[in-house]
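J.: Please see the structure below; I have some questions.
The values are calculated or read from the model by the stated rules, or taken from the named source; none is laboratory data. For clarity, every value in this text was computed on a predicted model and none was experimentally measured. Note that we place each Cβ from the backbone using ideal geometry, even for glycine, and neighbour counts take in every protein chain shown. Keep in mind that these areas ignore ligands, DNA and RNA; they rest on the heavy atoms of the full protein, side chains included. Shrake-Rupley method; radii C 1.70, N 1.55, O 1.52, S 1.80 Å.
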Amino acid sequence: MLEVRDVTKIYNPGMVTERRLFQHFSLTVEEGQFVAIVGSNGSGKTSLLNIICGSIPIESGDVLVDGTSIAKKKDYQRYASMGRVYQNPSAGTCPNLTMLENLSLADNKGKPFGLIRAVDRRRIDGYREQLRSLGLGLENHLNMKMGALSGGQRQAVALLMAAMTPLRFLILDEHTAALDPKTADIIMELTDKVVREKKLTAMMVTHNLRYAVEYGDRMLMMNRGEVVLDRSGEEKKQTSMDDILEMFNRISFQREQE
C-alpha cells in the first residue's frame, strides 16, 4: 500500500510568488490498483507524482509504503521499487546508446557495478522476446540507437525498461501526451498489459479523459491540490465520458471566474 499522509507543499516559500499547492493532503493507493489522475494545469497532478518519487521536497507530512516512511529516502533509492515513464519520449532512455545497451542498463538497475561487461550476451534472447511482446517489430533491431527510433517506439521501450526489474509501483507522467493519437492508443494498450501481467500498482497522470475512463480501476480528478472526484470499482465502470467532461468543464469555468 502506498500512502501520502498529511502533506504540505509550498512553492517559492517566503517570496512574492509563494504558492501553497498542498495543505495537509492525504491519499491512499491500495496494492494492485491502477489509478488514473486527471485535472487542469496547476491542479497538482505531476507534483503529486514528484512527491511520491522524491523528486521535490515537502514542507511537512510523510510518504509511506506498507506503513514504513520513505520520505527521507532519495529519489534513486525509491526507484528500487518504482519505475517511471515520462511525458517526453527522450527521457528515461539514452539516445546515443543502442537499444541493447539501454535494455542492459535497465536490467542492471539496483545491482552492484564492477569491472564486468555492461551487456550480458546471455540475456539477448530474453531481450528479443520482451521486445517481440510489444508487437512493433523491434526485436530484430537491438543494435539500433535509441535516438533513431520514433517517439512511440522509444516510449514503448521506455515502458518495457521501467518494468524490467522486479518492482511494485509504476508511475506514468502523461506518457502518451507527446504521441499522435494512434500511437498513444498502442502505448496505452501496452501499459494496461504490463500493469495487469506484472500485477503492479500504477498511477497515471493524463490529460486524455477517455484514457482515464477506459483504463484502470480508480479515477481521481484534482483541482488546486485537492481531490474533487474519487471513483473506483463499479462506480468508475459506470462513469461515462460525458460525466467526466461535464465536471471537468464546470471546474475549469469556476477557476476562470475567480
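J.: For segment 214-230, name all the residues that are surrounded by fewer than 20 Cβ atoms within 10 Å (Cβ to Cβ), more than 16 Å from the chain's Cα centre (by Cα) and not in a strand (DSSP E or B).
T.: GLU214, ARG224
J.: Additional query: Filter segment 187-205 down to residues that are of a type in the set (Val, Ile, Thr) and out of contact with any Ser or Thr (no Cβ under 7 Å at 6 or more places or on another chain) and give me whichever is most open to solvent (accessible area, probe 1.4 Å).
T.: By that ranking, first place goes to VAL194.
J.: Those residues that are in a helix (DSSP H, G or I) and closer than 22 Å to LEU48 by Cα, I need them from segment 156-168; list them, please.
T.: ALA158, LEU159, ALA162
J.: Across segment 143-157, what is the number of residues that are open to solvent by 10 Å² or more (accessible area, probe 1.4 Å), of a type in the set (A, V, I, L, M, F, W, C) and touching a residue at least 24 places away in the same chain (Cβ under 8 Å)?
T.: Count: 2.
J.: Restricting the search to segment 10-42, which residues are within 30 Å of GLU197 (Cα to Cα) and in contact (Cβ under 8 Å) with a residue 60 or more places away in the chain?
T.: Scanning segment 10-42 gives LEU27, VAL29, GLU30, GLU31, GLY32, GLN33, PHE34, VAL35, ALA36, ILE37, VAL38, GLY39.
J.: OK, next. If I filter segment 169-208 down to residues being assigned to a loop (DSSP other than H, G, I, E, B), of a type outside the set (A, V, I, L, M, F, W, C) and within 12 Å of the chain's Cα centre (by Cα), which single residue comes out as farthest from ILE52 (Cα to Cα)?
T.: THR176
J.: How many residues are basic (Lys, Arg) and either farther than 24 Å from LEU200 by Cα or out of contact with any helix residue (DSSP H, G or I) (no Cβ under 8 Å at 6 or more places or on another chain) (or both) when one looks only at segment 84-98?
T.: 0
J.: Determine if segment 76-97 includes at least one residue that is loosely packed, with under 15 Cβ neighbours inside 10 Å, more than 27 Å from ASP180 (Cα to Cα), under 19 Å from the mean Cα position of the chain (by Cα) and among the aromatic types (Phe, Trp, Tyr).
T.: Yes, segment 76-97 contains at least one residue that is loosely packed, with under 15 Cβ neighbours inside 10 Å, more than 27 Å from ASP180 (Cα to Cα), under 19 Å from the mean Cα position of the chain (by Cα) and among the aromatic types (Phe, Trp, Tyr).
J.: Taking segment 231-251, which residues are part of a helix (DSSP H, G or I) and open to solvent by 80 Å² or more (accessible area, probe 1.4 Å)?
T.: GLU234, GLU235, LYS237, ASP242, GLU246, ASN249, ARG250
J.: Hey, among ILE70, ILE52, ILE56, ILE37, which residue is under 17 Å from the mean Cα position of the chain (by Cα), of a type outside the set (Asp, Glu) and under 17 Å from LEU167 (Cβ atoms)?
T.: Residue meeting the stated conditions: ILE52.
J.: Which of (1) closer than 30 Å to GLU129 by Cα; (2) modelled with pLDDT of 90 or more; (3) surrounded by fewer than 20 Cβ atoms within 10 Å (Cβ to Cβ) is the odd one out, the single condition THR165 does not satisfy?
T.: Going through the list (1) closer than 30 Å to GLU129 by Cα; (2) modelled with pLDDT of 90 or more; (3) surrounded by fewer than 20 Cβ atoms within 10 Å (Cβ to Cβ), THR165 breaks only (2).
J.: Considering (1) part of a helix (DSSP H, G or I); (2) in contact with a helix residue (DSSP H, G or I) (Cβ under 6 Å, 6 or more places away or on another chain); (3) within 17 Å of ASN41 (Cβ to Cβ), say which one TYR211 fails and leave the rest.
T.: (3)
J.: Another question, if that's okay. Scan segment 43-60 for residues that are in contact (Cβ under 8 Å) with a residue 12 or more places away in the chain, open to solvent by 40 Å² or more (accessible area, probe 1.4 Å) and not hydrophobic (A, V, I, L, M, F, W, C) and jot them down.
T.: THR46, SER55, GLU59, SER60
J.: I'd like to verify a number: residues in segment 9-20 that are touching a Phe, Trp or Tyr at 6+ places or on another chain (Cβ under 6 Å) and modelled with pLDDT of 95 or more, how many?
T.: Counting residues in segment 9-20 that are touching a Phe, Trp or Tyr at 6+ places or on another chain (Cβ under 6 Å) and modelled with pLDDT of 95 or more gives 1.
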